[in-house]
């Protein structure tokens, strides 16, 4: 009873699916994707830095565009700050079966601690399926160009893991990665989280609490805004995020249907 | 089953086989079997038509293809038939009730990648192997 229409130009047969068929097909495709139901993401996040970066990764591996088709997303994107895929990322991508980006769960008030100039982030990587092995993980923070500094002025940006958070006690911090940034530098700063994120996956209660500290060349702790670092309150296309590359540790078969 | 023949009669089984092929083709024609051989057909899965673009970032859809057609005489080379499929086609003609025709199925599959949001607005890029039919054949 469904309408059948032959497109003479292409020679393809087009048929409109009945609603029952449509539901069944959607169920099958979701099953192949390994999803229990259709995801419902927030509508306003499409032009955030993480999806743009992930689309960049997607385009890197899509070597046969005729098989993939083009997304409206690629043409709809305005001229944004592209969190460019590095050769290091391409290498990780070749080894990975899956790549996931994670948004910062801390709100602005939590992110910028009142008693300190440090910033704090929280990422929940517990949604990585069991049996996956993390091959690489990165925290990406955007740094804007800042005026009023000498071109040769440098800052030290350090990322720490917050080990404990007892009430009324000083937190224990573990240095994860550190790098120098020139005042004139502009672009994404990438920090390695590979070994720590693997540990987080095992002990999910630690839940990726990160602290970012900026020091000037004299070792004085400074507000990260001073060096042009962008927090989650900044422009959408420059917001910090974590990207994790992982590989299935075993061949998994879908249940027979 | 192959019977040992005398040396002077070596060409006989070949002739018998050719005759069997001709007879089978004639039988297939007379029974009105489809002339459409096993081949790749277009099947485009459109995520846009499904209204999934709120969570699937890319691709917009993909050309999956499927294999369909008759695995019957003649199993020409374009069908990419296995040796066993040729034997099975012959045996099917001898005993159609017991032995089915070979199946038209994918012989070469390629992967695709899908980029999508999850419920927490995280983004997932996943490689799915063996999703796109590149070639079909008789098995």
* To do: Within region B:69-85, track down each residue that is within 14 Å of the chain's Cα centre (by Cα) and in contact (Cβ under 8 Å) with a residue 40 or more places away in the chain.
  => B:69, B:71, B:72, B:75, B:78, B:79, B:80, B:81, B:82, B:84, B:85
* Asked: Can you tell me how many residues in region A:209-250 are surrounded by 15 or more Cβ atoms within 10 Å (Cβ to Cβ), out of contact with any helix residue (DSSP H, G or I) (no Cβ under 9 Å at 6 or more places or on another chain) and closer than 11 Å to residue A:155 by Cβ?
  -> 7
* Asked: From A:26, A:20, which residue is facing chain B (nearest Cβ under 8 Å), at pLDDT 85 or above and either surrounded by fewer than 17 Cβ atoms within 10 Å (Cβ to Cβ) or closer than 20 Å to residue A:134 by Cβ (or both)?
  -> A:26
* Look at residue A:101 and say whether it is within 11 Å of another protein chain (Cβ to nearest Cβ), at pLDDT 85 or above and touching a helix residue (DSSP H, G or I) at 6+ places or on another chain (Cβ under 6 Å). => yes
* Asked: Taking residue A:94 and the conditions (1) modelled with pLDDT under 80; (2) in a helix (DSSP H, G or I); (3) loosely packed, with under 12 Cβ neighbours inside 10 Å, which numbered condition does it fall short on, given that it satisfies the others?
  -> (1)
* Give the residue that is farthest from the chain's Cα centre (by Cα), with candidates limited to residues of region B:120-139 that are more than 7 Å from chain A (Cβ to nearest Cβ), surrounded by 15 or more Cβ atoms within 10 Å (Cβ to Cβ) and over 30 Å from residue A:103 (Cβ atoms). => B:133
* Answer yes if at least one residue in region A:36-52 is part of a helix (DSSP H, G or I), more than 7 Å from every other protein chain (Cβ to nearest Cβ) and at pLDDT 80 or above, and no otherwise. => yes
* To do: Only residues that are assigned to a loop (DSSP other than H, G, I, E, B) and at pLDDT 90 or above: list them for region B:97-121, please.
  => B:97, B:98, B:99, B:100, B:101, B:102, B:103
* Asked: Quick one: residue A:65 ticks every box in (1) surrounded by fewer than 18 Cβ atoms within 10 Å (Cβ to Cβ); (2) facing chain B (nearest Cβ under 7 Å); (3) modelled with pLDDT under 85 bar one, so which box is it?
  -> (2)
* **Extreme residue, modelled with the lowest pLDDT, among residues of region A:174-208 that are buried (at least 19 other Cβ atoms within 10 Å of the Cβ) and under 11 Å from residue A:125 (Cα atoms)** => A:208
* Asked: Would region B:122-139 turn up any residue that is within 19 Å of residue A:57 (Cβ to Cβ) and part of a loop (DSSP other than H, G, I, E, B)?
  -> yes
* **Single match in B:93, B:117 (criterion: within 14 Å of chain A (Cβ to nearest Cβ), more than 14 Å from the chain's Cα centre (by Cα) and surrounded by 15 or more Cβ atoms within 10 Å (Cβ to Cβ))** => B:117
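The values are calculated or read from the model by the stated rules, or taken from the named source; none is laboratory data. In this text, all values refer to a predicted model and were calculated from it rather than measured experimentally. Counting neighbours? That spans all protein chains shown, and the Cβs are built from the backbone with ideal geometry, glycine included.
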